[in-house]
1. Of all residues in the range 74-91, how many are surrounded by 15 or more Cβ atoms within 10 Å (Cβ to Cβ) and either part of a loop (DSSP other than H, G, I, E, B) or among the aliphatic types (A, V, I, L, M) (or both)?
2. Residues being open to solvent by 50 Å² or more (accessible area, probe 1.4 Å), of a type in the set (Val, Ile, Thr) and under 12 Å from residue 70 (Cα atoms): count how many of those fall in the range 22-47.
3. Could you check, for the range 92-99, whether at least one of its residues is open to solvent by 70 Å² or more (accessible area, probe 1.4 Å) and not aliphatic (A, V, I, L, M)?
4. For residue 30, state whether it is touching a strand residue (DSSP E or B) at 6+ places or on another chain (Cβ under 9 Å) and at pLDDT 95 or above.
5. Among the residues of the range 25-76, how many are acidic (Asp, Glu) and without any contact (Cβ under 8 Å) to a residue 12 or more places away in the chain?
6. When both residues are 6+ apart or on different chains and their Cβ atoms are under 7 Å apart, which pairs have a first residue that lies in the range 105-120 and is within 21 Å of residue 93 (Cβ to Cβ) and touching a residue at least 40 places away in the same chain (Cβ under 8 Å), and a second that is surrounded by 12 or more Cβ atoms within 10 Å (Cβ to Cβ) and among the hydroxyl-bearing types (Ser, Thr, Tyr)?
Amino acid sequence: MMKLGYQTNTWGGVVGHPAGVTSVKDSYYLANGSTEEALEDIKAAGYEGFELFDGNLMQYKGKEEEFKRLIEKHSLDFIGVYTGGNLIFPDILEDELEKIEEVAALASALGAEHLVVGGGAVI
């Protein structure tokens, strides 16, 4: 049986976390809308799971139990997290990998099944 999930970035559009301007290791994708509202709507629409941006996940760092309660409240599967990095510039690669590892660790601790990593392009 196939399960369908939905990405929370539909709620509020996509922005970058402002710390990313001066710190590559803090450069997260962020949906401007409410994660709580998005999950409520996703469940109401009949989806069984969700994916969210790394920045929205990191908002729950230190509040892991709150995130778990939110998932349980809506009986949703935490399918995955989307993160990104250039992955082509040697000077910042260490910081990019540090960020990706931090996101992956939190996502794994909260039960995410997948980590999606978007890479850069040669310009």
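1. Keep residues of the range 74-91 that are surrounded by 15 or more Cβ atoms within 10 Å (Cβ to Cβ), which gives 74, 76-87.
Right, trim to either part of a loop (DSSP other than H, G, I, E, B) or among the aliphatic types (A, V, I, L, M) (or both) and you get 76, 79, 81, 85-87.
The number of residues fulfilling the criteria is 6.
2. Adding up the residues that qualify gives 0.
3. Taking the range 92-99 as the starting set, the residues that turn out to be open to solvent by 70 Å² or more (accessible area, probe 1.4 Å) are 94, 97-98.
Within this subset, residues satisfying the condition of being not aliphatic (A, V, I, L, M) are 94, 98.
Yes, the range 92-99 contains a residue that is open to solvent by 70 Å² or more (accessible area, probe 1.4 Å) and not aliphatic (A, V, I, L, M).
4. Working: touching a strand residue (DSSP E or B) at 6+ places or on another chain (Cβ under 9 Å): yes; at pLDDT 95 or above: no.
Considered against the rule, which asks whether it is touching a strand residue (DSSP E or B) at 6+ places or on another chain (Cβ under 9 Å) and at pLDDT 95 or above, residue 30 comes out as no.
5. To start, the set of residues in the range 25-76 that are acidic (Asp, Glu) comprises 26, 36-37, 40-41, 48, 51, 54, 64-66, 72.
Then drop every residue that is not without any contact (Cβ under 8 Å) to a residue 12 or more places away in the chain, which leaves 65-66, 72.
Final tally of qualifying residues: 3.
6. From the range 105-120, the pairs are 116/82.
The values are calculated or read from the model by the stated rules, or taken from the named source; none is laboratory data. Note that this is a predicted model, so its numbers are computed, not measured. A quick note on method: Cβ atoms are made from the backbone with ideal geometry, for glycine too, and the neighbour counts reach across all protein chains shown. With ligands, DNA and RNA removed, areas are computed over all heavy atoms of the protein, side chains included. Shrake-Rupley method; radii C 1.70, N 1.55, O 1.52, S 1.80 Å.
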